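Data first, discussion second: the structure below is written as structure tokens.
The values are calculated or read from the model by the stated rules, or taken from the named source; none is laboratory data. Everything quoted here is computed from the prediction, not taken from an experiment. Cβ placement follows ideal geometry from the backbone for every residue including glycine, while neighbour counts extend to all protein chains displayed.
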Amino acid sequence: MRRGAAYLLVALASLLLQAEAVNAAEEMPLLMYAPGINPQAFLPISYRCPPRQGGIVEIVKMSAVGGRIKIRVTFEGETPTHASVQRAWPNKPFEGWHEFANPRKRPEAEAERSIWQATLQDADAIRMAICSGVPETRDKYDKILEHNRKHLRPPQFD
């Protein structure tokens with residue numbers, strides 16, 4: 001099975017499961033906010049699709065305590081050509097965190113490789129399942145993100 005097809009299947013399966021089932025299955029990505037969720041877990045709150053097959057896929061995720069990450073991956077056709085991850089502490093602007101100028105080259109360090117792999121998998125799954133997928137899947141995903149944005153309001157510290 002092609003790697004892209006495998007990501008598509010994972011993304012579609014994730015969208016169709018109940019929130020409790022998604023939280024219980026470790027191999028499935030955590031998508032929807034539920035009470036009692038790990039406050040450090042990052043859940044998707046927005047995405048941006050490229051206007052055509054190539055272009056930039058952007059995903060923003062947020063934790064229950066207000067931290068955010070922004071993933072940006074540039075594709076030329078099916079091939080990622082640049083990837084970056086930015087982070088933001090609660091109530092602060094995004095700052096650079098990881099840059100992958102050549103995403104086809106696997107990083108040597110374990111921690112960097114883990115972030116590289118998750119970044120490419122997230123972007124490819126969104127590109128395949130949501131941006132290029134059927135409208136019903138995109139509608140379901142948009143409802144999940146709306147739910148997350150509504151419930152992931154970090155506490156305001158004075």
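Kindly indicate whether Ile144 is outside any strand (DSSP E or B), β-branched (Val, Ile, Thr), surrounded by 12 or more Cβ atoms within 10 Å (Cβ to Cβ) and at pLDDT 95 or above.
yes
Only one of Ala111, Ala123 is modelled with pLDDT under 95 and in a helix (DSSP H, G or I). Can you tell me which?
Ala111
Right, Pro93: closer than 19 Å to Ser114 by Cα, of a type outside the set (Phe, Trp, Tyr) and modelled with pLDDT of 90 or more or not?
no
Quick check, is Glu136 surrounded by 11 or more Cβ atoms within 10 Å (Cβ to Cβ) and not in a loop (DSSP other than H, G, I, E, B)?
Criteria not met by Glu136.
Of the conditions (1) loosely packed, with under 14 Cβ neighbours inside 10 Å; (2) within 11 Å of the chain's Cα centre (by Cα); (3) of a type outside the set (Ser, Thr, Tyr), Pro51 fails just one. Which one is it?
Result: Pro51 fails condition (2) only.
Taking the conditions exactly as written (surrounded by 13 or more Cβ atoms within 10 Å (Cβ to Cβ), without any contact (Cβ under 8 Å) to a residue 24 or more places away in the chain and of a type outside the set (A, V, I, L, M)), does Pro107 satisfy them or not?
In short, yes.
Looking at the stretch 46-72 only, could you name the residues that are in contact with a Lys or Arg (Cβ under 8 Å, 6 or more places away or on another chain), closer than 15 Å to Cys131 by Cα and touching a residue at least 24 places away in the same chain (Cβ under 8 Å)?
Those that are in contact with a Lys or Arg (Cβ under 8 Å, 6 or more places away or on another chain), closer than 15 Å to Cys131 by Cα and touching a residue at least 24 places away in the same chain (Cβ under 8 Å): Ser46, Cys49, Pro50, Val57, Ile59.
Is there a residue in the stretch 114-121 that is more than 15 Å from Leu43 (Cα to Cα) and exposed (fewer than 15 other Cβ atoms within 10 Å of the Cβ)?
Yes, there is a match, as at least one residue in the stretch 114-121 is more than 15 Å from Leu43 (Cα to Cα) and exposed (fewer than 15 other Cβ atoms within 10 Å of the Cβ).
Looking only at the stretch 73-90, which residues are free of Cβ contacts under 8 Å to residues at least 40 places away in the same chain, not in a strand (DSSP E or B) and not small (Gly, Ala, Ser)?
Selection gives Trp89 alone.
Among the listed residues Ile59, Ile69, Ile37, which satisfies the condition of being among the β-branched types (Val, Ile, Thr), at pLDDT below 95, surrounded by 14 or more Cβ atoms within 10 Å (Cβ to Cβ) and on the phi < 0 side of the Ramachandran plot?
After applying the criteria, what remains is Ile37.
Determine whether Ala101 is surrounded by fewer than 12 Cβ atoms within 10 Å (Cβ to Cβ), over 19 Å from Glu58 (Cα atoms) and not charged (D, E, K, R).
No; evaluated as a whole, the condition is false for this residue.
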